[in-house]
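Read-outs throughout are calculated quantities, based only on the coordinates presented, and are distinct from any laboratory measurement. Model, not experiment: these values are computed from the prediction. We place every Cβ from the backbone using ideal geometry, glycine too, and count neighbours over all the protein chains shown.
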Amino acid sequence: MGAVICCMSEPSEKKSLEKKLEKKIAEIRRNKFGQTKLKSVDSIVMLFPMFKERLKTLRAMFEEYDEDSNGSIEPHELKTFLEDLQLHLQENEIETIFQYCDIDGSKGIQFNEFIVLLCLLHILTEPVSSNNSPKAELAVAQVGQVFDTIVDIFLFFDKNGDGKLNKKDMIRTMNEAHPRERSPAHITKNRFREMDWDKNGQVTLREFLFGFINWVGIDVDE
Ligand SMILES: [Ca+2]
Ligand SMILES: [Ca+2]
Ligand SMILES: [Ca+2]
């Protein structure tokens, strides 16, 4: 990962970060139009084993930066992480990123929030060629691939293209895909409720990422 594109140095609040992300997602959607490889929810579920594998790698990365092993990344640990990624950010930018990712307000970034962080950095930063080792380059490429795919899945569910998932679309998409599930509506509703963290009837990308681990079913304590 590399230089932060534009505007992260503005007096930035969580809201503006959210806006920036929304804009970027809309851009990705435009560029991808009609090119997604995802045809159905089944084709997404088939990716779960790959996600589980990759998430293990990310879990190891998370543990490395959780220096005091208390299960979450505190602001000073986040700072080290960003520096290692060669992202040289201002204190207030780091603070904003931290606030944005600390969705449950626990003053620490747990692993599910770390997924939000990685995706945020992936979307808002542009890869620059650096003197990273080939191994580090490969790791960055793999992380990028995972998050491109996750964004792809989000866009697949976002039928009307407003950058948010609404309950109706989500439930319809899920039910179409799982005709044999015993109580698809019930399961989907619960899944949606879980993901809609602030309970406003819409799932943003941030909420989608926050709930991603549960959805894919990785056992984080493994
Ligand atoms: Ca920690
Ligand atoms: Ca937290
Ligand atoms: Ca919501």
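Which of the residue pairs Lys56/Lys79; Lys23/Lys199; Lys168/Lys189 have a Cα-Cα distance greater than 19 Å in the structure shown? Those over the limit are Lys56/Lys79; Lys23/Lys199. The 3J(HN,Hα) values that the Karplus relation (6.51, -1.76, 1.60; θ = phi - 60°) gives for the stretch 62-75 are, in residue order, 4, 5, 4, 8, 7, 4, 8, 6, 9, x, 8, 9, 8, x Hz. Gly and Pro appear as x.
Put in order of Cβ neighbour count within 10 Å, fewest first, the listed residues Tyr100, Tyr65 become Tyr65, Tyr100. Excluding Phe62 itself, what net charge comes from residues whose Cβ is under 12 Å from its Cβ, given Lys and Arg +1 and Asp and Glu -1? Around Phe62, the charge tally is -4. Computed extension gain for Thr80 through Glu67, at 0.36 nm per residue and net of the alpha carbon distance, reaches 3.7 nm. Note on the stretch 14-216: Kirkwood radius taken over Cα pairs, Stokes-Einstein applied at 25 °C and 0.890 mPa s, translational D equal to 137 µm² s⁻¹. Amide H contacts under 5 Å for Ile103: none, restricted to partners 5 or more places along the chain or on a different chain, H placed in the peptide plane at 1.01 Å from N.
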